[in-house]
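The structure appears below as structure tokens.
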Amino acid sequence: MQHRILFAVSALGLGHATRTLPVIRHFLGKTWQVSVLAHGNALHFLEQELADDDVTFIEYEDYPKLERGTGIAFFFYLLIDLVRTTLLIRKERKYIHSHQDQYDCIVADGRYGICSRTIPSFLISHQISFIMPKGLGLLGSLVDRVNLFYFRQFDSIFIPDFPEIEKSLSGRLSHNRITNCLKHQWVGLLSSYTMQEVPKAEKIDILFIISGYLQEQKESFVHELIEQAKKIPGHKVFVLGDTSGSDVIRMEEEDITIYPVATGILRNTLFNKADLVVSRSGYTTVLDLAEMDKPAVLFATPRQTEQEYLADFLRDNGWYTTSHQQTAIKLQSLLTRAGQCTLFIPPWKTSQSLRIIETTVASYLPQYRFSIIVPAHNEEQYLEDTLNHLVGQEYPNDLYEILVVENGSVDATPEICSEFAKRYKNISCLTCEQGVSRARNIGFAATDPARDWVIFLDADTLLDTTFLFELNRYLGKHHEEHLAIGTTAVQPADDPSSCSRFWFTLYNLGHRLTKTSFSLQIVKRQVAEKIQYDEQLNYAEDLQYLKKAQRHGSFFFLRTRAVSSLTRRFCRHGYVKQTILWMYQALQPDRMKKKQSYEVFR
């Protein structure tokens, strides 16, 4: 079964794309079906880097930059952009809700709305707590609460850093009280660069990598660096991070080469050739430097509080030479100081980080093995349709078995069972005396002990072809919650009227709140081995079974539209009368349920 994974990458700085790139490539190497959602420079960069791979690209609007204007205008624009960001996050959630059947897993980097309740969803982020701009410090606690709300929508946060703050590159951006409130995984370095041998004659003395999204400041900054680089001996190379350009400029006298952008082999080669790097103090750049063991001079982008904090943090630890862009650039002095730094030594590098991510994702995406038990008594009108839905599941045939337990039928039910058992290897036909509890117990006794979950299914209940996939995703997403037994939402199969839909909506709500079921029960095999259906009960035997199972773990309710049941009971008595009858039967003591008979509808 080929898994389908969606990578949602922010375009607010090219670093989101460059650090996600090795993760994308890793899953492509594992033959996963990959889709990438991005915008602007990030989308163009990934399209170029993955041009030879089978990847589906989706262009989708990104958040505003949150960095406009100065003085009072800055706060005005900040408020507007925060509102726009909130609305876009809601829009992202609607998008993923309408497309979630296309994916088995989501990995987002800087996209807070691309997550799902039913699909395992992970967020790559090192900035768990924001560094607030001057004048907004009092809002820090509120912003942390907002972060916590959005981060909790994901199953886990992949933090590209190390667990000990003394061996950390992000400092209190990721080592803070908010992180302790989240389910997270320290994954270490994430860099798209790989080591390669470079002849000494091809070395680059200084590699300038100038990206970032504050374009209004970028031109003057680059100009100043080029002017000072002209006076410094050695071979210098500039990479501007502009995916819209293609012309390479060579200044022979000053020994300077300027690339608008470098991708693929060229990008990796330039970084390997560099003796020293000059760049922004963006976090992805820091990860790249640690991966490749490169000394560096790092400039903090003005008004980007994260970069300003990182510049101070890395300088104070003595790992890199840093400077704030607001101060006068003294490049020669900074280069001299860079040679005196002691490089950060990472506990592990990207190759191990990718294995950590793969293992974590895989733990949420197991291929569960199911046993489906269908008691059948005089079900000749419905059983064939039920079995056709079961054998048509878009799920590997060897991962689920179907056991039909015919119990005391006097119609063509046994013949239908036998015919399906002959045609399909994963169907078995059993027989026993009449009794739904007896049939379920006998069915379970005959199941393969290697199966993980057991589904007790009424013979008039239809499962859409995607149901087992959907159930597998749900169980994987909640695999750490000690689930024991559960059920699903059920739709009317043969009556599309508003009245029927209304009553089924009420039933679904009632079953969710009371932890009961209608038409099917899904129980973990280890739990099913400890309990049985009471064969002396003539009705409501599933309620007792549910209570027994919940002593061994939690109840779950899968909200889905992939399960439907016939309305024959309601056609006989009407919804109101049938509901009252069910409530009366449920509240009766077990001794009365053993004495009174139950009317079977056929």
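Please go through the stretch 558-572 and give me each residue that is modelled with pLDDT of 90 or more and surrounded by 17 or more Cβ atoms within 10 Å (Cβ to Cβ), ordered by number.
Within the stretch 558-572, 558, 560, 562, 563, 564, 565 meet the criteria.
I need the full set of residues from the stretch 1-29 which are assigned to a loop (DSSP other than H, G, I, E, B) and more than 17 Å from the chain's Cα centre (by Cα), in order please.
1, 11, 12, 13, 14
Within the set of pairs 6+ apart or on separate chains, which have a first residue in the stretch 326-353 that is over 14 Å from residue 278 (Cα atoms), a second that is at pLDDT below 90, and C-beta atoms under 7 Å apart?
Once the first residue is over 14 Å from residue 278 (Cα atoms) and sits in the stretch 326-353, its partners that are at pLDDT below 90 give 326/302.
Would you mind finding the one in 269, 284 that is closer than 30 Å to residue 347 by Cβ, over 32 Å from the mean Cα position of the chain (by Cα) and in contact (Cβ under 8 Å) with a residue 12 or more places away in the chain? Walk me through it before giving the result.
Working: 284 fails: over 32 Å from the mean Cα position of the chain (by Cα).
None of the other options fit; the residue is 269.
Could you grab me the full set of residues in the stretch 225-265 that are among the basic types (Lys, Arg) and either surrounded by fewer than 19 Cβ atoms within 10 Å (Cβ to Cβ) or not assigned by TED's automatic domain parsing to the domain that holds residue 280 (or both)?
Selection gives 230, 231, 250.
Can you confirm whether residue 169 is part of a loop (DSSP other than H, G, I, E, B) and crowded, with 18+ Cβ neighbours inside 10 Å?
Taking the combined requirement at face value, the residue satisfies it.
Of the residues in the stretch 263-289, how many are in contact with a strand residue (DSSP E or B) (Cβ under 6 Å, 6 or more places away or on another chain), closer than 20 Å to residue 201 by Cβ and assigned to a loop (DSSP other than H, G, I, E, B)?
1
Looking at (1) out of contact with any Phe, Trp or Tyr (no Cβ under 6 Å at 6 or more places or on another chain); (2) closer than 18 Å to residue 443 by Cβ; (3) β-branched (Val, Ile, Thr); (4) surrounded by fewer than 22 Cβ atoms within 10 Å (Cβ to Cβ), find the lone condition where residue 410 falls short.
Residue 410 satisfies every listed condition except (2).
List the residue pairs whose Cβ atoms are under 8 Å apart, where the first residue sits in the stretch 509-528 and is in the same structural domain as residue 441 (by TED's automatic domain parsing) and at positive phi, the second is assigned to a loop (DSSP other than H, G, I, E, B) and polar (S, T, N, Q), and the two are 6 or more positions apart or on different chains.
Here the result reads 515/550, each pair linking the stretch 509-528 to a residue that is assigned to a loop (DSSP other than H, G, I, E, B) and polar (S, T, N, Q).
Inspect all residues belonging to the stretch 267-276 and state whether any of them is modelled with pLDDT under 90 and among the small types (Gly, Ala, Ser).
No; the residues of the stretch 267-276 include none that is modelled with pLDDT under 90 and among the small types (Gly, Ala, Ser).
Within 29 Å of the chain's Cα centre (by Cα), in the same structural domain as residue 401 (by TED's automatic domain parsing) and at pLDDT 95 or above - does that describe any residue in the stretch 529-546?
no
Looking only at the stretch 123-135, decide whether some residue is among the aliphatic types (A, V, I, L, M), surrounded by fewer than 17 Cβ atoms within 10 Å (Cβ to Cβ), modelled with pLDDT of 90 or more and under 18 Å from the mean Cα position of the chain (by Cα).
no
Of all residues in the stretch 492-506, which are in contact with a Phe, Trp or Tyr (Cβ under 6 Å, 6 or more places away or on another chain) and under 29 Å from residue 371 (Cβ atoms)?
492
Would you please list the contacts, defined by Cβ atoms under 6 Å and residues six or more apart or on different chains, that run from a residue in the stretch 368-393 that is farther than 16 Å from residue 455 by Cα to a residue that is of a type in the set (Asp, Glu) and not in a helix (DSSP H, G or I)?
378/411; 380/411; 382/460
Looking for something closer than 30 Å to residue 482 by Cβ, surrounded by fewer than 24 Cβ atoms within 10 Å (Cβ to Cβ) and in contact with a helix residue (DSSP H, G or I) (Cβ under 7 Å, 6 or more places away or on another chain) - is there at least one such residue anywhere in the stretch 318-329?
First pass over the stretch 318-329, keeping only residues closer than 30 Å to residue 482 by Cβ: none.
There is no residue in the stretch 318-329 that is closer than 30 Å to residue 482 by Cβ, surrounded by fewer than 24 Cβ atoms within 10 Å (Cβ to Cβ) and in contact with a helix residue (DSSP H, G or I) (Cβ under 7 Å, 6 or more places away or on another chain).
Among 465, 505, which is the only one that is of a type in the set (Ser, Thr, Tyr) and within 20 Å of residue 385 (Cα to Cα)?
465
I need every pair where a residue in the stretch 143-161 that is without any contact (Cβ under 8 Å) to a residue 60 or more places away in the chain and under 18 Å from residue 352 (Cα atoms) has its Cβ under 8 Å from the Cβ of a residue that is outside any helix (DSSP H, G or I) and of a type in the set (Gly, Ala, Ser), sequence separation at least 6 or different chains.
157/125; 159/125; 159/170; 159/174; 161/168; 161/170; 161/174; 161/188
Considering 487, 514, which residue is buried (at least 17 other Cβ atoms within 10 Å of the Cβ) and hydroxyl-bearing (Ser, Thr, Tyr)?
Step by step, each of 487, 514 is checked, and only 487 is buried (at least 17 other Cβ atoms within 10 Å of the Cβ) and hydroxyl-bearing (Ser, Thr, Tyr).
Of these, 421, 459, 484, which one is touching a strand residue (DSSP E or B) at 6+ places or on another chain (Cβ under 7 Å) and part of a helix (DSSP H, G or I)?
After applying the criteria, what remains is 421.
Quick one: what pairs do we get from the stretch 293-309, first residue closer than 18 Å to residue 271 by Cβ and assigned to a strand (DSSP E or B), second at pLDDT below 90 and among the charged types (D, E, K, R), C-beta under 7 Å, 6+ apart or different chains?
298/280; 299/280
Being of a type in the set (Gly, Ala, Ser), more than 20 Å from residue 442 (Cα to Cα) and in the same structural domain as residue 466 (by TED's automatic domain parsing), is that true of even one residue in the stretch 388-403? Full working, then the answer.
Narrowing the stretch 388-403 to residues of a type in the set (Gly, Ala, Ser): 392.
So of that shortlist, the ones also more than 20 Å from residue 442 (Cα to Cα) come out as 392.
Subset that is in the same structural domain as residue 466 (by TED's automatic domain parsing): 392.
Yes: the stretch 388-403 contains one or more residues that are of a type in the set (Gly, Ala, Ser), more than 20 Å from residue 442 (Cα to Cα) and in the same structural domain as residue 466 (by TED's automatic domain parsing).
What are the residues in the stretch 465-510 that are farther than 30 Å from residue 360 by Cβ and of a type in the set (D, E, K, R), if any? Talk me through it step by step, then tell me what you get.
Residues of the stretch 465-510 that are farther than 30 Å from residue 360 by Cβ, as a first pass: 490-510.
Selection gives 494, 495, 501.
Residue by residue through the stretch 420-456, note down the ones that are small (Gly, Ala, Ser), out of contact with any Gly (no Cβ under 8 Å at 6 or more places or on another chain) and in contact (Cβ under 8 Å) with a residue 24 or more places away in the chain. Spell out the reasoning first.
Of the stretch 420-456, the ones small (Gly, Ala, Ser) are 421, 428, 435, 437, 439, 443, 445-446, 450.
With the extra rule that they be out of contact with any Gly (no Cβ under 8 Å at 6 or more places or on another chain), the set shrinks to 421, 428, 437, 439, 443, 445-446, 450.
Hits for the stretch 420-456 are 428, 437, 439, 443, 446, 450.
Take the conditions over 32 Å from the mean Cα position of the chain (by Cα) and hydroxyl-bearing (Ser, Thr, Tyr) and apply them to residue 368. Does it pass?
no
Checking the structure you have, find out if any residue of the stretch 154-164 is more than 27 Å from residue 316 (Cβ to Cβ) and either surrounded by fewer than 18 Cβ atoms within 10 Å (Cβ to Cβ) or not acidic (Asp, Glu) (or both).
Yes, the stretch 154-164 contains a residue that is more than 27 Å from residue 316 (Cβ to Cβ) and either surrounded by fewer than 18 Cβ atoms within 10 Å (Cβ to Cβ) or not acidic (Asp, Glu) (or both).
Please verify whether the stretch 69-78 includes one or more residues that are exposed (fewer than 14 other Cβ atoms within 10 Å of the Cβ), part of a helix (DSSP H, G or I), modelled with pLDDT under 90 and aliphatic (A, V, I, L, M).
Yes, some residue in the stretch 69-78 is exposed (fewer than 14 other Cβ atoms within 10 Å of the Cβ), part of a helix (DSSP H, G or I), modelled with pLDDT under 90 and aliphatic (A, V, I, L, M).
Among (1) closer than 24 Å to residue 370 by Cβ; (2) surrounded by fewer than 20 Cβ atoms within 10 Å (Cβ to Cβ), there is one condition residue 519 misses while meeting the rest; what is its number?
The number of the failed condition is (2).
The values are calculated or read from the model by the stated rules, or taken from the named source; none is laboratory data. Just so it is clear, the model here is predicted, and its values are computed rather than measured. So basically every Cβ, Gly included, is an ideal-geometry build from the backbone, and we count neighbours across all protein chains shown.
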